[in-house]
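Chemist: Quick one: the structure is below, and I'll ask about it shortly.
The values are calculated or read from the model by the stated rules, or taken from the named source; none is laboratory data. Just so you know, these numbers come straight off a predicted model, no measurement behind them. Cβ: placed from backbone, ideal geometry, glycine included. Neighbour counts: every protein chain shown.
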Amino acid sequence: MRKNSVFIETYGCQMNLADTEVVLSILAANGYDVANDIQSADVVLINTCSIRENAEQRIYGRLGNLKRYKEKNKNMVVGVLGCMAERLRKDLVEDKKIVDMVVGPDEYRRLPEFIDMAFDGEKGIGVRLSRVETYDDIMPFREDGLQAWISVMRGCDKFCTFCVVPFTRGRERSRSLRSIVNEVKELSARGFREITLLGQNVNSYQEGDSDFADLLSACAQVDHSMRFRFSTSHPQDISEKLLRTIAEHKNLCNYIHLPVQAGSNRILDLMNRTYTIEHYLTIIDKAREIIPGVSFSTDIISGFPTETWEDHLATLDVMQKVRYDGAYMFKYSPREGTKAYKMEDDVPEEVKGKRLQEIIDLQHKISFEVNQELIDKEEIVLVEGLSKKSDKFFAGRTDSNKMVIFPLNDYVVRGDYVKVKITRATTATLFGDFIEITEKYMHNELKTA
Ligand code: SAH
Ligand code: SF4
Ligand code: F3S
């Protein structure tokens with residue numbers, strides 16, 4: 001008998017990408033094949049994001065497009081997964097006729113059941129959030145490759161006033177250290193070289209006596225030729241122990257994504273971020289002292305309710321003080337159900353836009369300058385393959401996640417760590433000359449040398 005096949009489209013953050021792999025694994029275990037395109041799929045799932053209004057608009061647009069496919073293939077089942085499923089629940093199946101089922105992030109084990117219901121013409125809704133579900137025992141479905149991510153915790157208890165995540169993902173819970181380390185071992189055996197440990201707030205990882213630093217250290221010891229990243233860190237929970245752990249292990253990348261959101265203490269307080277800018281800058285200083293050469297990236301929101309010109313200048317000021325390698329920069333978007341939704345969204349759209357543009361321009365200038373400082377320096381690069389723009393060049397990434405392009409040669413293969421001397425740099429890319437293939441995990445040694 002021909003197996004049913006499933007096609008999943010994923011929107012939003014890396015956690016959603018990781019969840020898609022869990023969903024594929026659950027469905028594969030229940031006899032589904034993975035379809036290569038929508039046309040050939042019996043089940044089309046959209047794994048959605050609610051973080052900002054425009055993320056949801058995009059997905060509504062996509063659901064509209066799917067109508068065409070469903071008209072051609074009447075038996076096709078369309079399901080909405082992820083954060084929008086949680087936020088909009090029943091409305092989705094009622095308003096959007098083409099949606100057959102709505103399944104939130106903690107109910108993926110029941111997907112086969114919901115799909116069967118949908119094939120029988122019933123609409124299924126599963127949006128219960130769990131305090132314990134971590135999909136601990138499910139080995140995500142992954143194609144072979146160099147890079148993989150592993151969710152180490154789910155949910156968020158921080159309740160920043162602008163953010164829907166605590167509502168769409170539920171309470172914080174951590175996966176067992178043992179199951180994470182086992183997954184790392186499996187990925188190592190399959191030849192993966194770089195792993196990103198994921199959670200909305202990885203620093204509050206806790207399992208028994210083990211905290212996030214213990215987890216990182218356990219992962220780092222599995223295979224010294226694999227390097228590890230993690231995302232996201234909340235400034236409140238960054239411990240000195242964590243910084244020391246990063247410094248101690250050569251295969252933990254010297255790179256921290258540390259969202260600041262805003263530069264003004266008054267706004268940070270309204271956002272319920274639970275730190276002051278002074279405290280944030282102390283963390284940055286301490287990290288730079290403990291981990292020489294560490295670099296940072298951040299998230300910034302422009303135009304939060306009541307933000308004044310002075311508040312905006314404070315954001316530019318903190319960017320100049322930290323000199324981030326990169327930043328994700330957003331206009332504030334009111335989300336129903338959050339605390340900030342009750343505040344008046346009083347910064348006019350064009351002011352938000354203008355401030356955001358200034359933030360983007362400043363970050364580009366800083367990224368460019370930071371990259372210029374790397375010229376004539378040597379960087380260790382994990383080679384990912386040929387450059388997308390030209391097959392005469394290799395492309396790979398540094399410890400600090402910067403793309404490096406260097407000329408093709410006969411010695412290097414994908415997955416090697418190589419030493420490259422940087423000769424030229426733009427805002428987003430470094431160019432250089434190949435020096436040598438290095439011992440596997442030297443990439444941090446260089447920074448501390
Ligand atoms: N857990 C992570 C980030 C989760 S969402 C953290 O705490 O840093 C990713 C980013 O989206 C946030 O850091 C924030 O900058 C942005 N964001 C979240 N809600 C938003 C909103 N309502 N409007 C605009 N940006 C938002
Ligand atoms: Fe949202 Fe704040 Fe949690 Fe990040 S820490 S997911 S911004 S509530
Ligand atoms: Fe979006 Fe949900 Fe991630 S709202 S950013 S997909 S946790």
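Chemist: Just to verify a result, which residue in the range 281-308, among those that are within 13 Å of ligand 2 (Cβ to nearest atom) and surrounded by 21 or more Cβ atoms within 10 Å (Cβ to Cβ), is farthest from Glu194 (Cα to Cα)?
Modeler: Narrowing the range 281-308 to residues within 13 Å of ligand 2 (Cβ to nearest atom): 298-301, 304.
Now narrow it down to the ones that are surrounded by 21 or more Cβ atoms within 10 Å (Cβ to Cβ): 298, 300-301, 304.
Numbers: Thr298: 21, Ile300: 27, Ile301: 29, Phe304: 36 Å.
Looking at the filtered set, the residue picked out is Phe304.
Chemist: Quick one: Glu379 ticks every box in (1) at positive phi; (2) among the acidic types (Asp, Glu); (3) surrounded by 20 or more Cβ atoms within 10 Å (Cβ to Cβ) bar one, so which box is it?
Modeler: Going through the list (1) at positive phi; (2) among the acidic types (Asp, Glu); (3) surrounded by 20 or more Cβ atoms within 10 Å (Cβ to Cβ), Glu379 breaks only (1).
Chemist: Being more than 6 Å from ligand 2 (Cβ to nearest atom) and either part of a loop (DSSP other than H, G, I, E, B) or crowded, with 19+ Cβ neighbours inside 10 Å (or both) is the filter here; which residues of the range 155-172 pass it? Even if it seems obvious, please write down each step before you answer.
Modeler: If we filter the range 155-172 for residues that are more than 6 Å from ligand 2 (Cβ to nearest atom), which is where we start, we get 155, 157, 161-162, 164, 167-172.
Residues satisfying the conditions are Gly155, Asp157, Thr161, Phe162, Val164, Thr168, Arg169, Gly170, Arg171, Glu172.
Chemist: Here's something else I'd like to know. Restricting the search to the range 307-318, which residues are within 24 Å of Val165 (Cβ to Cβ), in a helix (DSSP H, G or I) and of a type outside the set (Val, Ile, Thr)? Working first, answer last.
Modeler: Quick first cut of the range 307-318, residues within 24 Å of Val165 (Cβ to Cβ) only: 307, 311, 315, 318.
Adding the requirement that they be in a helix (DSSP H, G or I) leaves 311, 315, 318.
Of everything in the range 307-318, just one residue is within 24 Å of Val165 (Cβ to Cβ), in a helix (DSSP H, G or I) and of a type outside the set (Val, Ile, Thr), namely Asp311.
Chemist: Of the residues Arg229, Arg173, Arg244, Arg178, which single one is under 21 Å from the mean Cα position of the chain (by Cα), basic (Lys, Arg) and more than 16 Å from ligand 3 (Cβ to nearest atom)? Break it down into steps so the answer makes sense when it comes.
Modeler: Values: Arg173 fails: more than 16 Å from ligand 3 (Cβ to nearest atom); Arg244 fails: under 21 Å from the mean Cα position of the chain (by Cα); Arg178 fails: under 21 Å from the mean Cα position of the chain (by Cα).
Answer to the selection: Arg229.
Chemist: Continuing with this model, one more query. For the range 52-111, give me each residue that is of a type in the set (Phe, Trp, Tyr), within 24 Å of Asn4 (Cα to Cα) and within 25 Å of the chain's Cα centre (by Cα). Full working, then the answer.
Modeler: Narrowing the range 52-111 to residues of a type in the set (Phe, Trp, Tyr): 60, 69, 108.
Those still in the list that are within 24 Å of Asn4 (Cα to Cα) too: 69, 108.
Residue satisfying the conditions is Tyr108 alone.
Chemist: Quick check: anything in the range 261-280 closer than 24 Å to Leu242 by Cα, buried (at least 22 other Cβ atoms within 10 Å of the Cβ) and hydroxyl-bearing (Ser, Thr, Tyr)?
Modeler: Checked the range 261-280: at least one residue is closer than 24 Å to Leu242 by Cα, buried (at least 22 other Cβ atoms within 10 Å of the Cβ) and hydroxyl-bearing (Ser, Thr, Tyr).
Chemist: Let me ask another. Hand me the list of strands (runs of 3 or more DSSP E) wholly inside the range 323-435 holding 3 or more residues that are more than 16 Å from ligand 2 (Cβ to nearest atom), of a type in the set (D, E, K, R) and closer than 30 Å to Asp285 by Cα.
Modeler: On the way: elements: 326-331, 378-386, 393-397, 403-407, 417-425.
Ranges flagged: 417-425.
Chemist: Then there's this: Where residues in the range 173-188 are closer than 22 Å to Lys158 by Cβ and among the basic types (Lys, Arg), which of them is surrounded by the fewest Cβ atoms within 10 Å (Cβ to Cβ)?
Modeler: Filtering first and then ranking leaves Arg173.
Chemist: Can you tell me which residue in the range 27-43 is farthest from ligand 3 (Cβ to nearest atom), limited to those that are within 13 Å of Phe141 (Cβ to Cβ) and buried (at least 19 other Cβ atoms within 10 Å of the Cβ)?
Modeler: In this case the residue turns out to be Tyr32.
Chemist: For Arg414, which of the numbered conditions (1) in contact with a helix residue (DSSP H, G or I) (Cβ under 9 Å, 6 or more places away or on another chain); (2) over 23 Å from Ile256 (Cα atoms); (3) touching a residue at least 60 places away in the same chain (Cβ under 8 Å) fails to hold?
Modeler: (1)
Chemist: While we're on this one: Given the criterion touching a residue at least 40 places away in the same chain (Cβ under 8 Å) and closer than 26 Å to Leu242 by Cα, identify the matching residue among Phe228, Phe159, Phe119. Write out each step before concluding.
Modeler: Numbers: Phe228 fails: touching a residue at least 40 places away in the same chain (Cβ under 8 Å); Phe119 fails: closer than 26 Å to Leu242 by Cα.
Result of the check over Phe228, Phe159, Phe119: Phe159.
Chemist: Modelled with pLDDT of 95 or more, assigned to a loop (DSSP other than H, G, I, E, B) and in contact with a helix residue (DSSP H, G or I) (Cβ under 8 Å, 6 or more places away or on another chain) - does that describe any residue in the range 175-193?
Modeler: Scanning the range 175-193, I find no residue that is modelled with pLDDT of 95 or more, assigned to a loop (DSSP other than H, G, I, E, B) and in contact with a helix residue (DSSP H, G or I) (Cβ under 8 Å, 6 or more places away or on another chain), so the answer is no.
Conditions (1) more than 23 Å from Ala29 (Cβ to Cβ); (2) within 16 Å of ligand 1 (Cβ to nearest atom); (3) in the same structural domain as Tyr32 (by TED's automatic domain parsing), marked per residue:
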| position | (1), (2), (3) |
| --- | --- |
| Leu146 | yes, no, no |
| Met153 | yes, yes, no |
| Cys160 | yes, yes, no |
| Phe167 | yes, yes, no |
| Ala189 | no, no, no |
| Asn201 | yes, yes, no |
| Gln206 | yes, no, no |
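Chemist: Take the residues in the range 1-26 that are among the polar types (S, T, N, Q) and assigned to a strand (DSSP E or B), then tell me which one is nearest to ligand 3 (Cβ to nearest atom). Reasoning before the result, please.
Modeler: Just the residues of the range 1-26 that are among the polar types (S, T, N, Q), to begin with: 4-5, 10, 14, 16, 20, 25.
Next cut, assigned to a strand (DSSP E or B) only: 5, 10.
Values: Ser5: 24, Thr10: 9 Å.
This residue is Thr10.
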